[in-house]
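Report on the following structure.
The values are calculated or read from the model by the stated rules, or taken from the named source; none is laboratory data. This one's a predicted model, so the numbers in the text were calculated from it and none came from an experiment. Here the Cβ positions follow ideal geometry from the backbone for every residue, glycine too, while neighbour counts run over all protein chains shown.
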């Protein structure tokens, strides 16, 4: 295992350094490093694929945990219209497009349905990494884009249940789907209510005892505990990591936890992208090149069109809408899960999985370059747009600017009320008793040890 990690880190470090010198995105260097150490290029793997996959899965959890730390529930609420309309447009449009492509390629209904499910999800990990590397983390579109990605991840859980039901029973089980959606909604509400009631107050009580070492261990313990809870409830482990990050984002220690997590996130995120590169087989690129090219074109064009339209319809400016659409041009991690589900159930064509994996790597590779083309494409559209559309674009810019000014003023007025409300909730009798009991038990254990 140590040898595997050594080879992995050295290869990823050298290749990413070369990409940095060539002024290319580091993510692409990690993917190339994965191809170099993978089992296909030289006929044998230089590292254990099982170990890398396990580390990569941990990397996804840490990345989503950190994304949750940067996200605020109020941001999801404030971008609710953009998130709902944008996600609905992207998922609905891409599923129809994916199903149509499957039918055009003469696939049966089951393969077409699974292909549609694979093509409608973008990658939260890749989008956030690309945005961070491009220095766009503070841009206005990021809040709406993150909200859409959250909704996509939740929908992916429901979609997997639906596809499994159709594949096994060869019919649509509406009752089962509604039950799963209800369980998911109730579970999320319980997680957030319990978490926001107890955890912020607990951290405030024990703050004097929290050095950096204790805080990061406690944060990771809470993260992994929520991951196990999500898995036991039948949901995605990634969803559990994100939920705990969002809960801790409401605490006074959120920025400190985020700073402590950054080095760990970077290491495991690198391993995740290396593991993605290890999955690509150059021979598959040659054998299925036409299918891979078709899938890549469908994903890139479809995500740009539906992402831009959905965010524009949701109330964003055309510039922000295009930045969102241009950043979603890759196949997400849930696509691998859906592809693996179809393979496990024996209802999809054997070639579909390698095509999706190769297409994911290619679209991931292209994402930073496509994102760089957003502003030139926006300028071209604005310059050549009809006068009516250009007037609407200018009007939307003014409306969004005015809304931001009004929101800033309202936030100042509401801050005192919000603080009082949070104080009242966090200091309910139940919460205070729970926290005091926890502190008391800790103190008794310290006295016993002394």
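Things worth noting here:
- Residues that are over 19 Å from residue 317 (Cα atoms) and either part of a helix (DSSP H, G or I) or at pLDDT 85 or above (or both) within segment 125-149 comprise 125, 126, 127, 128, 129, 130, 132, 133, listed in sequence order.
- The one condition from (1) outside any helix (DSSP H, G or I); (2) closer than 18 Å to residue 118 by Cβ that residue 238 does not meet is (1).
- Of all positions in segment 316-326, none carries a residue that is outside the structural domain of residue 103 (by TED's automatic domain parsing), in contact with a helix residue (DSSP H, G or I) (Cβ under 6 Å, 6 or more places away or on another chain) and under 28 Å from residue 82 (Cα atoms).
- Residue list for segment 184-202, filter: in contact (Cβ under 8 Å) with a residue 60 or more places away in the chain and either surrounded by fewer than 16 Cβ atoms within 10 Å (Cβ to Cβ) or in contact with a strand residue (DSSP E or B) (Cβ under 9 Å, 6 or more places away or on another chain) (or both): 192
- Odd one out for residue 147, checked against (1) more than 15 Å from the chain's Cα centre (by Cα); (2) crowded, with 22+ Cβ neighbours inside 10 Å: (1)
- All positions within segment 317-337 that are more than 30 Å from residue 401 (Cα to Cα) and in a helix (DSSP H, G or I): 333, 334, 335, 336, 337
- The criterion of at least 3 residues that are modelled with pLDDT under 75 and closer than 30 Å to residue 135 by Cα is met by the following helices (runs of 4 or more DSSP H) wholly inside segment 338-450: 387-426.
- Test result for residue 348, without any contact (Cβ under 8 Å) to a residue 40 or more places away in the chain and farther than 30 Å from residue 321 by Cβ: no
- All positions within segment 255-287 that are in contact (Cβ under 8 Å) with a residue 24 or more places away in the chain and more than 19 Å from the chain's Cα centre (by Cα): 256, 257, 260, 278, 279, 280, 281, 282, 283, 284, 285
- When residues of segment 209-223 are limited to those that are surrounded by fewer than 17 Cβ atoms within 10 Å (Cβ to Cβ) and part of a helix (DSSP H, G or I), the one farthest from the chain's Cα centre (by Cα): 209
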